[in-house]
1. Over all alpha-carbon pairs of the chain, lay out the pair-distance distribution in 20 Å bins, whole %, shortest bin first.
2. Kirkwood-based Rg over Rh for the range 272-392 (C-alpha set), two decimals?
3. Express the accessible area of the range 103-202 per residue in Å², computed with a 1.4 Å probe while the remaining protein chains stay in the model.
4. List the trypsin sites (Lys or Arg not before Pro) in the range 251-328 that DSSP assigns to loop (not H, G, I, E or B) and whose Cβ has at most 14 other Cβ atoms within 10 Å. Which are they?
5. Of the residues Ile242, Ile260, Ile379, which exhibits the maximal mean-square fluctuation in a Gaussian network model of the chain defined by a 10 Å Cα contact cut-off?
6. Can you tell me the FRET efficiency between Val388 and Glu216 if r is taken as the Cβ-Cβ distance and R0 is 41 Å, rounded to the nearest 0.05?
7. Determine the relative contact order of the range 28-164: mean sequence separation of Cα pairs under 8 Å and six or more apart, normalised by residue count, in whole percent.
8. Go through 25-33, 111-119 and give me the packing order, highest mean Cβ count within 10 Å leading.
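The values are calculated or read from the model by the stated rules, or taken from the named source; none is laboratory data. Remember, it's a predicted structure, so these values are computed and weren't measured experimentally. Neighbour counts are summed over all protein chains in view; Cβ atoms, including those assigned to glycine, are modelled from backbone coordinates with ideal geometry. For accessibility, only protein heavy atoms count, side chains too; no ligands or nucleic acids. Shrake-Rupley method; radii C 1.70, N 1.55, O 1.52, S 1.80 Å.
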Amino acid sequence: MENMWLECIRCHKKFPWNTVIYTCDQCGALLDVKYRFEEPNPESWRGKPFSVWRYENFLPKVREKVSLNEGGTSLYKCDRLAEKFGIKNLWIKNEGENPTGSFKDRGMTVGVSLAKELGSRTVACASTGNTSASLAAYAAKAGLKCVVMIPSGKIALGKLAQAIMYGAIVLAVEGNFDQALNLVEQSSKRLGLYILNSLNPYRLEGQKTIAYEVIEQLGEPPDAIILPVGNAGNISAIHKGITEWKQLGLIEQTPRLIGIQAEGAAPIAHAYKKKKREVTFIENPETLATAIRIGKPVNWEKALRAIYDTNGAAETVTDEQILQAQKLLARTEGIFVEPASAASIAGLTKILDAGLIDKDERIVCITTGHGLKDPDTPIRTCEKPIQVKPDPEIIEKVLQ
Ligand code: AN7
């Protein structure tokens, strides 16, 4: 694959595509996958199924694709929700529709295919939940061994059920996600595990297809894309996808990328608000949106690049605002997402109030994970079922 290589995002040192490496050995920064693209011809993919591999011209070439038919998720026009916000053009890209219920599947189909291509036997990740569920499924499909390290007691029930069911070795680490990721990095050096967290640049290649799908579904790029940010891989991936299509002349406008973080876990939003190019990590991140309970986002540098390059923004939301947004979305549009995903909706209100988006702009919010991942939250925060005797008179009374 002489048309593809890895390149440091800071000092631009190049590495052959098949080097198993996650950070630059010269300056320590993350890597990007780079390509010498052939002249793009949209006709070459227009007839293909609506899925991640539809865009294989822009992805690593692999001999065997490990796929569960990921991508091709719905883009819903949300007029009832838009009306609540006093805006006109709001869509939701619902990534909960992926095979394991989150956007991570887009990354894993590419990342696990690469793991096979590179001859890895065991794949590993640290995870706040969704990454572990997704990796476990794709490792099963690929026939690879899978080790996942999760912060003990701090991942949603559904995600844990998935990782266990797909047969991963699940290690509950006594510490938070950041500590678990550190542990995976150290263990991978000792044990030769192939890491599939978002510091793996190949995983982000799959995730950039969210941008391509949105552009094709709308017929043009939106004005803004709003999404929750944790380890900051997704915002970085979407930025890379958009940048590549712009450079290839496939689109003219680039959407502004707006990242939303939970107040107790918002190092990137804090950096943005101070207009800084560096991030101050948070030692003890806290939020009920456990998916984004991350204090040391590995992709901070790529994420700030995404925000500043697109004239985007970052904002924080409280847990209370997240829960309200989760209910609002479910009850106006019939879309049930997990709390972290609702951060993008909660953030929209704040971004509009702050005047960072005009009311007539075309806005896409990305909801990253399915609501059933975390059944405990609605059980705790919503109305309890009304207990009744099987008697129509009682029903009549209750419903009056
Ligand atoms: C539903 O599973 O980090 O900013 O280990 O599950 O790309 O990290 C999950 C992250 C947003 C944040 N929404 O994405 C993990 C993990 C949901 C998520 C994010 C996650 P990034």
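1. 29, 59, 11, 1
2. Value, to two decimals: 1.06.
3. That works out to 36 Å² for each residue.
4. Loop-located and lightly packed - Lys274, Lys275, Lys276, Arg277.
5. Comparing Ile242, Ile260, Ile379 in a Gaussian network model of the chain, the most mobile one is Ile379.
6. Once rounded, the FRET efficiency stands at 0.25.
7. That works out to 18 percent.
8. Put in order of decreasing packing, that is 111-119, 25-33.
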